[in-house]
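Comments concern the structure below.
The values are calculated or read from the model by the stated rules, or taken from the named source; none is laboratory data. As the structure is a prediction and not an experimental result, all values here were calculated from the model. Here the Cβ positions follow ideal geometry from the backbone for every residue, glycine too, while neighbour counts run over all protein chains shown. Accessible surface is based on the protein model in full, side chains and every heavy atom, while ligands, DNA and RNA are left aside. Shrake-Rupley method; radii C 1.70, N 1.55, O 1.52, S 1.80 Å.
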Amino acid sequence: MRAALAVVLSIIGAFLARADQQLQPATIVIYNGALPESIELAKFYAGKRGIASDHLVALTCSREEEISRDEYDQTIAQPLREIFKQRGWWSLRDSPEGRTIVVASSIRIVALIKGMPLKIRATENYPGDKNEGGPIGNRNEASVDSEMAVLPMFRREISGATINPYFQSYRPIRDAPEVTMLLVCRLDAPSATTVRQMITDAIETEKRGLWGRAYVDGAHNTNLGFEIGDHWLAETVEQFHKAGVPVVYDDSPALFPDGYPMSDCALYYGWYAGGVTGPFAQSDFRFVPGAIAVHIHSFSASTLRNPNAGWVAPLLTKGAAASLGNVYEPYLQLSTHLDIMNDRLLHGFTFAESTYMATQTLSWMSVMVGDPLYRPYASWLQIDAAKTNSDWSMYHDFAQQNAAKPPAEYRSLARQAASRAKNGAMIEDLGLMEVRDGNLAAATNYFSQARALYTKRDDILRVVLEEADAWKNQDKPKRAVDLVRSVLKIVSDTPTAALLKKIDAELAPKAGLAPAKP
């Protein structure tokens, strides 16, 4: 079985590696030639990725984030189409109706650089448009990125959303037949320094793989039309388990609170708050290099210039290498499906491929922010890749080799392996699996073991919170109170102390009441 798996992974890894080598010639870098900062960042990115100088495209356009439809047409769309024709990147023909049709394209990926406009405001009486009415069909505002994705369609119908032909695909974009679309991502953030760090972190992370813990924050929103968001997030949790990525999953309505010890955060998916909050608002919080972080919200990317506005800009400022969001109201169902995106990332596809495979519509509101060529998990598919020899890689290797076993057998073997290796992250994850299955007694045993294995303060505090919650839900509040009080004697001055004190206040017996159960 292990030999067969190695052969399969080797074939997939070689396939994607060849596809990766083909992507540089299929990528162009577009920047605002009126901004020195944009020019320098474009050169920096092209140099780091080995993109030829004749694949850098300068446009002279507005310095504002929001532009009019006329500005988009005159300073972005029309000049770009001429450049594609002049440089021979498109093969064209005319339809019987006189429309220009792209029949082949050598360019499949676009990197927009900081300084390019972000969004196109709504307009009226646009020539050639067809307003279909309804909440979607009567809207023609869009992100510049999503509008540029349909540049090869030569369309004048700007109202409503266009179906993405690459949605749910499992093919590298160079092998996909959808030549009338582009995968457009942007390298943008509140500062040029952050953009440079995003580029550098993505490239360096690819060499060793993205290692760390995933944090998934559901909303438990059962309202009609909203439950799909929780479904996407729950699916990512199952994907992480199969891949051997430790994951903390909170499916309560509340967000991860202030002071929550979110250590080694490599992936974050959550919803549905209007602005950054919780651990991400702490001044000292940082993602691991190369992290991918997304919070679903209608206006999460309405600006990328303010490090405290929305979600995308703050997450990038805190060290995430990639994120995505919306510039105007997209409606949840037309947002990027995080379960599909996560699945494709874990299978070695690029950030651009993964996000567009997961996005149902184009000419709409989404914006993908990060290096389009970034493949955080490509090293997993390379047999000869350098191993990190860490708790993270040990858990991943174990999961890959044993994922097909029945759950009880898998967890028994996993506990033995993790105990031998003193792998606290793996032990904690097994405890969280037992919590989700309702096996709270088993969970507290796992958490106690993980607490003894961990050496970093935040890891210990997080598992104390998890263990205390498990004791509470077993109707044993005294065990929870004793645990948190023993920890508070040592860490009373940490940001997490408020969370521990809250547990103490809620569960400790009140004067005049019967004592709590042991």
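Determine whether residue 365 is in contact (Cβ under 8 Å) with a residue 60 or more places away in the chain, under 18 Å from residue 148 (Cα atoms) and out of contact with any strand residue (DSSP E or B) (no Cβ under 9 Å at 6 or more places or on another chain).
On the way: in contact (Cβ under 8 Å) with a residue 60 or more places away in the chain: yes; under 18 Å from residue 148 (Cα atoms): yes; out of contact with any strand residue (DSSP E or B) (no Cβ under 9 Å at 6 or more places or on another chain): no.
So residue 365 does not fit the description; no.
Among the listed residues 371, 339, which satisfies the condition of being outside any loop (DSSP other than H, G, I, E, B) and modelled with pLDDT of 95 or more? Outline the logic, then answer.
Numbers: 371 fails: outside any loop (DSSP other than H, G, I, E, B).
Testing whether each residue is outside any loop (DSSP other than H, G, I, E, B) and modelled with pLDDT of 95 or more leaves just 339.
Got a number for residues in segment 78-116 being farther than 18 Å from residue 42 by Cα, surrounded by 18 or more Cβ atoms within 10 Å (Cβ to Cβ) and small (Gly, Ala, Ser)?
Residues in segment 78-116 being farther than 18 Å from residue 42 by Cα, surrounded by 18 or more Cβ atoms within 10 Å (Cβ to Cβ) and small (Gly, Ala, Ser): 1 in total.
Only one of 113, 28, 76 is closer than 20 Å to residue 189 by Cβ, in contact (Cβ under 8 Å) with a residue 40 or more places away in the chain and under 31 Å from the mean Cα position of the chain (by Cα); which?
Numbers: 28 fails: closer than 20 Å to residue 189 by Cβ; 76 fails: closer than 20 Å to residue 189 by Cβ.
Selected residue: 113, the only one of 113, 28, 76 that is closer than 20 Å to residue 189 by Cβ, in contact (Cβ under 8 Å) with a residue 40 or more places away in the chain and under 31 Å from the mean Cα position of the chain (by Cα).
Out of all the residues in segment 261-277, which are buried (at least 19 other Cβ atoms within 10 Å of the Cβ), out of contact with any Asp or Glu (no Cβ under 9 Å at 6 or more places or on another chain) and either among the hydroxyl-bearing types (Ser, Thr, Tyr) or farther than 23 Å from residue 491 by Cα (or both)?
266, 267, 272, 276, listed by residue number.
Does residue 100 satisfy being more than 23 Å from residue 312 (Cβ to Cβ), of a type in the set (S, T, N, Q) and at pLDDT below 95? Show your work before the answer.
Details: more than 23 Å from residue 312 (Cβ to Cβ): yes; of a type in the set (S, T, N, Q): yes; at pLDDT below 95: yes.
So residue 100 passes the test.
List every residue pair whose Cβ atoms sit under 6 Å apart, with the two residues 6 or more apart in sequence or on different chains, where the first one lies in segment 451-475 and is in contact (Cβ under 8 Å) with a residue 12 or more places away in the chain and the second, anywhere, is among the polar types (S, T, N, Q) and not in a helix (DSSP H, G or I).
From residues that are in contact (Cβ under 8 Å) with a residue 12 or more places away in the chain, the pairs are 458/263; 459/263; 461/496.
Output the number of residues of segment 432-462 satisfying the condition of being closer than 16 Å to residue 263 by Cβ and open to solvent by less than 30 Å² (accessible area, probe 1.4 Å).
Initially, segment 432-462 is screened for residues closer than 16 Å to residue 263 by Cβ, giving 432, 447, 450-451, 453-462.
Now drop any that are not open to solvent by less than 30 Å² (accessible area, probe 1.4 Å), which leaves 432, 447, 450, 454, 459, 461-462.
Of the residues in that region, 7 qualify.
What is the residue count in segment 117-173 for residues that are loosely packed, with under 13 Cβ neighbours inside 10 Å and either among the hydroxyl-bearing types (Ser, Thr, Tyr) or in contact with a Leu (Cβ under 8 Å, 6 or more places away or on another chain) (or both)?
Looking only at that region, the number is 2.
Would you tally the residues in segment 476-487 being free of Cβ contacts under 8 Å to residues at least 24 places away in the same chain and within 36 Å of the chain's Cα centre (by Cα)? Explain how you work it out, then say what you get.
Let us first name the residues in segment 476-487 that are free of Cβ contacts under 8 Å to residues at least 24 places away in the same chain, namely 482-486.
In the following step, the residues that additionally are within 36 Å of the chain's Cα centre (by Cα) were identified as 483-484.
Matching residues across segment 476-487 total 2.
So residue 296 clears everything in (1) buried (at least 20 other Cβ atoms within 10 Å of the Cβ); (2) touching a helix residue (DSSP H, G or I) at 6+ places or on another chain (Cβ under 7 Å); (3) under 20 Å from residue 430 (Cα atoms) except one condition, right? Which one?
Evaluating residue 296 over (1) buried (at least 20 other Cβ atoms within 10 Å of the Cβ); (2) touching a helix residue (DSSP H, G or I) at 6+ places or on another chain (Cβ under 7 Å); (3) under 20 Å from residue 430 (Cα atoms) leaves (3) as the failure.
So, of the residues in segment 200-241 that are at pLDDT below 95 and basic (Lys, Arg), which turns out to be most open to solvent (accessible area, probe 1.4 Å)?
Filtering segment 200-241 for residues that are at pLDDT below 95 and basic (Lys, Arg), the one most open to solvent (accessible area, probe 1.4 Å) comes out as 207.
Within the group 309, 320, 301, which residue is in contact with a helix residue (DSSP H, G or I) (Cβ under 6 Å, 6 or more places away or on another chain) and in a loop (DSSP other than H, G, I, E, B)? So that I can check it myself, show each step before the final result.
Details: 309 fails: in contact with a helix residue (DSSP H, G or I) (Cβ under 6 Å, 6 or more places away or on another chain); 320 fails: in contact with a helix residue (DSSP H, G or I) (Cβ under 6 Å, 6 or more places away or on another chain).
Just one listed residue meets the conditions, 301.
Inspect all residues belonging to segment 488-499 and state whether any of them is crowded, with 22+ Cβ neighbours inside 10 Å, touching a residue at least 24 places away in the same chain (Cβ under 8 Å) and either assigned to a helix (DSSP H, G or I) or touching a strand residue (DSSP E or B) at 6+ places or on another chain (Cβ under 7 Å) (or both). Walk me through it before giving the result.
Keep residues of segment 488-499 that are crowded, with 22+ Cβ neighbours inside 10 Å, which gives 496.
Restricting the remaining residues to those that are touching a residue at least 24 places away in the same chain (Cβ under 8 Å) gives 496.
Restricting the remaining residues to those that are either assigned to a helix (DSSP H, G or I) or touching a strand residue (DSSP E or B) at 6+ places or on another chain (Cβ under 7 Å) (or both) gives none.
Looking for residues that are crowded, with 22+ Cβ neighbours inside 10 Å, touching a residue at least 24 places away in the same chain (Cβ under 8 Å) and either assigned to a helix (DSSP H, G or I) or touching a strand residue (DSSP E or B) at 6+ places or on another chain (Cβ under 7 Å) (or both), one finds none in segment 488-499, hence no.
Can you pull out every residue in segment 43-70 that is over 28 Å from residue 206 (Cβ atoms) and out of contact with any strand residue (DSSP E or B) (no Cβ under 8 Å at 6 or more places or on another chain)?
Result: 62, 64, 70.
Can you confirm whether segment 371-380 contains a residue that is more than 30 Å from residue 142 (Cβ to Cβ), surrounded by 14 or more Cβ atoms within 10 Å (Cβ to Cβ) and out of contact with any helix residue (DSSP H, G or I) (no Cβ under 8 Å at 6 or more places or on another chain)? Explain how you work it out, then say what you get.
Restricting attention to segment 371-380, the residues satisfying the condition of being more than 30 Å from residue 142 (Cβ to Cβ) are 377-380.
Restricting the remaining residues to those that are surrounded by 14 or more Cβ atoms within 10 Å (Cβ to Cβ) gives 377-380.
With the extra rule that they be out of contact with any helix residue (DSSP H, G or I) (no Cβ under 8 Å at 6 or more places or on another chain), the set shrinks to none.
No, every residue in segment 371-380 fails to be more than 30 Å from residue 142 (Cβ to Cβ), surrounded by 14 or more Cβ atoms within 10 Å (Cβ to Cβ) and out of contact with any helix residue (DSSP H, G or I) (no Cβ under 8 Å at 6 or more places or on another chain).
Report, ordered by the first and then the second residue, all pairs with beta carbons closer than 8 Å, sequence separation of six or more or different chains, a first member in segment 33-46 that is within 15 Å of residue 371 (Cα to Cα), and a second member that is open to solvent by 40 Å² or more (accessible area, probe 1.4 Å) and among the hydroxyl-bearing types (Ser, Thr, Tyr).
If the second residue must be open to solvent by 40 Å² or more (accessible area, probe 1.4 Å) and among the hydroxyl-bearing types (Ser, Thr, Tyr), the pairs left are 46/53.
With the condition kept exactly as written, say whether any residue in segment 395-409 is out of contact with any Cys (no Cβ under 6 Å at 6 or more places or on another chain), part of a helix (DSSP H, G or I), of a type outside the set (Lys, Arg) and open to solvent by less than 10 Å² (accessible area, probe 1.4 Å).
From segment 395-409, those out of contact with any Cys (no Cβ under 6 Å at 6 or more places or on another chain) are 395-409; that's our starting set.
Keeping just the survivors that are part of a helix (DSSP H, G or I) gives 395-402, 407-409.
Filter once more, so that each one left must be of a type outside the set (Lys, Arg): 395-402, 407-409.
Now narrow it down to the ones that are open to solvent by less than 10 Å² (accessible area, probe 1.4 Å): 395, 399.
Checked segment 395-409: at least one residue is out of contact with any Cys (no Cβ under 6 Å at 6 or more places or on another chain), part of a helix (DSSP H, G or I), of a type outside the set (Lys, Arg) and open to solvent by less than 10 Å² (accessible area, probe 1.4 Å).
For the condition at negative phi and open to solvent by 50 Å² or more (accessible area, probe 1.4 Å), what is the one hit in 415, 344? Quick ask: steps written out before the conclusion?
Values: 344 fails: open to solvent by 50 Å² or more (accessible area, probe 1.4 Å).
Answer to the check: 415.
Any idea which of (1) farther than 22 Å from residue 158 by Cα; (2) modelled with pLDDT of 95 or more; (3) buried (at least 17 other Cβ atoms within 10 Å of the Cβ) is the one residue 19 doesn't satisfy?
Result: residue 19 fails condition (2) only.
Touching a Gly at 6+ places or on another chain (Cβ under 9 Å) and open to solvent by 20 Å² or more (accessible area, probe 1.4 Å): does that describe residue 197? Before you say what the answer is, go through the steps one by one.
Working: touching a Gly at 6+ places or on another chain (Cβ under 9 Å): yes; open to solvent by 20 Å² or more (accessible area, probe 1.4 Å): yes.
So residue 197 fits the description; yes.
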